[in-house]
Amino acid sequence: MRFTHIARSLAVALLLLLSGSAVAALEIEDRKLYRGTGDRVISVLSTADLAVFEPFILQFQIEQPDIGIDYQVASSTEVHKAIRDGAAFDLAISSAMDLQFQLANDGAAQAYSSPTTQRLPVWARWRDQVFAFTAEPAVTVISRERFAGLDRPKTRQELIALLRQNPEVFQNAIGTYDVRISGLGYLFATQEARNSDTFWRLSELMGGQGAALYCCSAQMIDDVGSGRLALAYNVLGSYATERIARDDRLEILELEDYATVMLRTALIPATANDEQSAALFLDRLLEEGMRDTPETWDLPPLGAANQPEARAYGPIRLGPALLVYLDKLNRGAFLRAWSDAMLQ
Amino acid sequence: MSAAASRPFWWRSIGQRLTILLAVIAAVLAILSWWMVTSFAREAAERTQDNVLVASATSIAEALRSEQGTILLELPYSAFAMLDAIGEDRVFYRVAADGETLTGYEDLVPINPPDRPGDVAVRTLSFRGDLVRMVTIQRTVLAGQQPVSVLVSVAQTRTGVEAIGTGLSRTAAVLSVAFFLLAVGLGAFATTSSLQPLNSFAQAVTRRGPSDLRPLRRRVPDELSPLLIALNRLMERLGQSIRRSEEFIAEAAHRVRTPLATVRAQAELALHTVEKDNEKQMLRRMIRAVDESSRSASQLLDHATVSFRADALAQDRVDLAELAAKVTEGLEPTAEMKDIALHLDAEGPADVRGDTILLESALRNVLDNSVKYSPAETEVMIKLSKDDATHWRITIRDHGRGFSADSLPELTARFKRGTNVEKVVGSGLGLTIAEEVLQAHGGRLELSNPQDGAGACVSLILPAA
């Protein structure tokens, strides 16, 4: 997830898009092996950064010292591709719930049921194959410095008005996902476009003001922190909260009209070698997610889906409707519309 | 009998037979209804899924359009969102124009697709390891000037349908078992209450005394009235036949008694005229034999009288003290012949309600027995006393051989005599007559061997008026 580039040019993005499907080898961004006392090692393919997950893994190894964990980080599209093509991983964790759903729908996941999975809310599991363990809203992060003297908008309507009235503040100072390369950005954008027509007006406005497009939340937050950006729209809330805790130049803009809530999900691939150990890891993962405040990570708990602004549409539904925006015709149409709005 | 023995035990009782047959019927109906509900539920769930699939495929087909010769499609969000309705099922789809896949799963090839536009084909097939239900719709889209046939297929696994079917089937099974148990309970109740008249009928017949041949008068169900009528006719015929034979016996006894009296008188006369001792002896034996015959004839007559009069018992006021005195007096001559003293201890009034002739006959027969079985030169006590507040007791105590203990209970049976009566002539009717009379009056006869010394003790107990 952590690419080094800041903002990609259109050419690079298009190149990636064209060549994306042709990439055969799995692009691992980070990898660490946590040895256990026994021979058992489960390989976990995940989109979550090592820094986020390490405390959990260490805690898990205290409880299950004989299980070793080979933790590998890749982008959500890489995770999807690897599992779809039958790479042998024991657990796949991804923030792209649509791709995870597609894997299960296409038969790449295996069913697992335990008292822990049964305790999950119905909306947090599908066919006992895909399990959600976080409910993460998309948030808007602003730079306190750049927002000095401006009212904090409460709704997207007010945000649109604010952007219109202060072009000098926001010209070339808005960041958002490049939905063509970010699976998560695409998910947020499609769900928001489905729920509210303000999305397109906002997109057009941001496009008109020369919004910078990013692959990942972390870079956007970095740039807001440095003051390069005044506002980053649809940033993964969990990353923002974690950063704001140690960087007071940042602030989360509380938009009360609605929030798009994504579920971070895990599944046991059909190709798993050690299902039993993977199941132990999965159960522990879900237990952590069902706590009111998880102890080992900064990711929000499943209970976050019940917050007032998240309740407007509820978390993104784990169901066949997720396939709609994965359809190549739909994806093409959506990206065309998005490009028309964003790249004027 | 052998046919009945080869049947199962429950076949012998109508109640059990009905209960078990009703239970079997209930079980058959319960299973049948469970099976029907299950298959209807499954069919309904399947039809619902088919309808949702058709709606989904239709909404996709309607989103098809063409622009400058190319066919365009934007999948409606609702087309897939609605597939969530049945359960968590895998979803596959394919849109193909002239056999070329436009979008979706390329390997989802419809079998027997519809030929004409607007037609719908619903099939079940195996896809990627699961049984799926697939709906295919054909639509013709004009691409430029060229009509292109587009097939829209939407398929879904059947997990949700099966879960609904299984759940409803389980519910139906529980309900069927409950209905079965209810039906068995109600069946048992219905059986018991239907058979109740038969049972009470049987009890009414059983409760009757051995000589009660009056017709049964009770309301019975239609099915039982032929039985009741037949039974009453049988009892009537039986009663007539008994009466006829009693009458015949009475007539015979009566006819025998008169010539016997003549024979006795002649023998007495002859006794006075003969001189030789052996001839006198012979005549005395003859007189005794005639006496016995005459006594037996009397008893037969008494018995017939009892049977006859007990049917319509008179309710006269009878003083037992008076009665006892009269009977004792009547037997005085017979007792004297054997030098037996009769001691009467009866103080009136001791009133009872009943038939004087019958009560006299009862007392006479008992007393006659005592005199007969007593050795010469002994005494017989007749004592009238209060048995309890509502009963009178006449006790007749002799000093004869008493009753043999082993035959005590059956002595009152007709023609039954004790096992220790050798050498004494008797008919065995005396105690039977007494007991029948007492029973007809609501009293009873008590036989015992007194603790203090030899002899027999007979008590006649009668309710006070």
For this session: Could you tell me whether residue A:194 is free of Cβ contacts under 8 Å to residues at least 24 places away in the same chain and either within 14 Å of the chain's Cα centre (by Cα) or within 14 Å of chain B (Cβ to nearest Cβ) (or both)?
Result: yes
Problem set entry | Search result, residues across region A:1-51 that are out of contact with any Asp or Glu (no Cβ under 8 Å at 6 or more places or on another chain), among the polar types (S, T, N, Q) and either surrounded by 12 or more Cβ atoms within 10 Å (Cβ to Cβ) or at pLDDT 50 or above (or both) | A:46, A:47
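Please go through region B:90-123 and give me each residue that is of a type in the set (Ser, Thr, Tyr) and touching a residue at least 12 places away in the same chain (Cβ under 8 Å), ordered by number.
Kept after step one, since they are of a type in the set (Ser, Thr, Tyr), are these residues of region B:90-123: B:93, B:101, B:103, B:105.
Those that are of a type in the set (Ser, Thr, Tyr) and touching a residue at least 12 places away in the same chain (Cβ under 8 Å): B:93, B:103, B:105.
When you scan region A:205-220, do you find a residue that is under 14 Å from the mean Cα position of the chain (by Cα) and either within 14 Å of chain B (Cβ to nearest Cβ) or among the aliphatic types (A, V, I, L, M) (or both), even just one? Reasoning before the result, please.
If we filter region A:205-220 for residues that are under 14 Å from the mean Cα position of the chain (by Cα), which is where we start, we get A:214-220.
Then keep just the ones that are either within 14 Å of chain B (Cβ to nearest Cβ) or among the aliphatic types (A, V, I, L, M) (or both); that gives A:218, A:220.
Within region A:205-220, one or more residues are under 14 Å from the mean Cα position of the chain (by Cα) and either within 14 Å of chain B (Cβ to nearest Cβ) or among the aliphatic types (A, V, I, L, M) (or both).
Does region B:61-69 contain at least one residue that is closer than 30 Å to residue A:336 by Cα and part of a helix (DSSP H, G or I)?
Looking only at region B:61-69, we keep the residues that are closer than 30 Å to residue A:336 by Cα, and these are B:61-69.
Now restrict to residues that are part of a helix (DSSP H, G or I): B:61-62.
The answer is yes; a qualifying residue exists.
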Exercise. On the given criteria, is residue B:83 over 15 Å from residue B:156 (Cα atoms) and either in contact with a helix residue (DSSP H, G or I) (Cβ under 8 Å, 6 or more places away or on another chain) or not assigned by TED's automatic domain parsing to the domain that holds residue B:136 (or both)?
Worked result: no
Exercise. Would you call residue A:261 within 14 Å of chain B (Cβ to nearest Cβ), β-branched (Val, Ile, Thr) and over 24 Å from residue A:55 (Cα atoms)?
Worked result: no
Seminar exercise, completed: Filtering strands (runs of 3 or more DSSP E) wholly in region B:282-397 for at least 3 residues that are assigned by TED's automatic domain parsing to the domain that holds residue B:254 and closer than 19 Å to residue B:435 by Cα gives none
Problem set entry | Complete set of residues in region B:434-464 that are among the hydrophobic types (A, V, I, L, M, F, W, C) and under 39 Å from the mean Cα position of the chain (by Cα) | B:434, B:437, B:438, B:440, B:445, B:447, B:460, B:461, B:462, B:464
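Go through B:418, B:453 for me and flag whichever is in contact with a helix residue (DSSP H, G or I) (Cβ under 8 Å, 6 or more places away or on another chain) and modelled with pLDDT under 75.
Details: B:453 fails: in contact with a helix residue (DSSP H, G or I) (Cβ under 8 Å, 6 or more places away or on another chain).
Only one candidate qualifies: B:418.
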Exercise. Can you tell me which residue in region B:105-114 is nearest to the chain's Cα centre (by Cα), limited to those that are over 16 Å from residue B:149 (Cβ atoms) and of a type outside the set (D, E, K, R)?
Worked result: B:111
Problem set entry | Residues located in region A:275-315, provided they are buried (at least 20 other Cβ atoms within 10 Å of the Cβ) and of a type in the set (Lys, Arg) | none
For this session: Evaluate the following for residue B:58: is it more than 14 Å from chain A (Cβ to nearest Cβ), touching a helix residue (DSSP H, G or I) at 6+ places or on another chain (Cβ under 9 Å), in a helix (DSSP H, G or I) and closer than 25 Å to residue B:128 by Cα?
Result: yes
Problem set entry | Search result, residues across region B:241-283 that are surrounded by 14 or more Cβ atoms within 10 Å (Cβ to Cβ) and under 30 Å from residue B:214 (Cβ atoms) | B:242, B:243, B:246, B:249, B:250, B:252, B:253, B:254
Problem set entry | Residues being modelled with pLDDT under 90 and within 14 Å of chain A (Cβ to nearest Cβ) - total across region B:112-140 | 3
Problem set entry | Residues of region B:77-100 satisfying the condition of being within 19 Å of residue B:151 (Cα to Cα) and either more than 10 Å from every other protein chain (Cβ to nearest Cβ) or in a loop (DSSP other than H, G, I, E, B) (or both) | B:94, B:96, B:97, B:98, B:99, B:100
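How about region A:227-259: which of its residues are among the hydroxyl-bearing types (Ser, Thr, Tyr) and modelled with pLDDT under 90? Let's see the steps before the verdict.
At the first step, the residues of region A:227-259 found to be among the hydroxyl-bearing types (Ser, Thr, Tyr) are A:233, A:238-239, A:241, A:258.
Residues satisfying the conditions are A:238, A:239, A:241, A:258.
Among the residues of region B:134-169, which ones are buried (at least 22 other Cβ atoms within 10 Å of the Cβ) and in a strand (DSSP E or B)? Please lay out each step first, then the result.
Step one: of region B:134-169, the residues buried (at least 22 other Cβ atoms within 10 Å of the Cβ) are B:134-137, B:150-157, B:161.
Result: B:134, B:135, B:136, B:137, B:150, B:151, B:152, B:153, B:154, B:155, B:156, B:157.
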Problem set entry | Enumeration of residues in region A:289-342 that are within 14 Å of another protein chain (Cβ to nearest Cβ) and assigned to a loop (DSSP other than H, G, I, E, B) | A:313, A:314, A:316, A:317, A:318, A:319, A:327
For this session: Quick one: which helices (runs of 4 or more DSSP H) lie wholly within region A:59-149 and hold at least 1 residues that are of a type in the set (Lys, Arg) and within 14 Å of chain B (Cβ to nearest Cβ)?
Result: A:76-84
For this session: Would you be able to say whether some residue in region A:102-115 is crowded, with 24+ Cβ neighbours inside 10 Å and polar (S, T, N, Q)?
Result: yes
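The values are calculated or read from the model by the stated rules, or taken from the named source; none is laboratory data. Because the structure is a prediction, the values reported are computed rather than measured. Here Cβ is always computed from backbone atoms with ideal geometry, including for glycine, and neighbour counts include all displayed protein chains.
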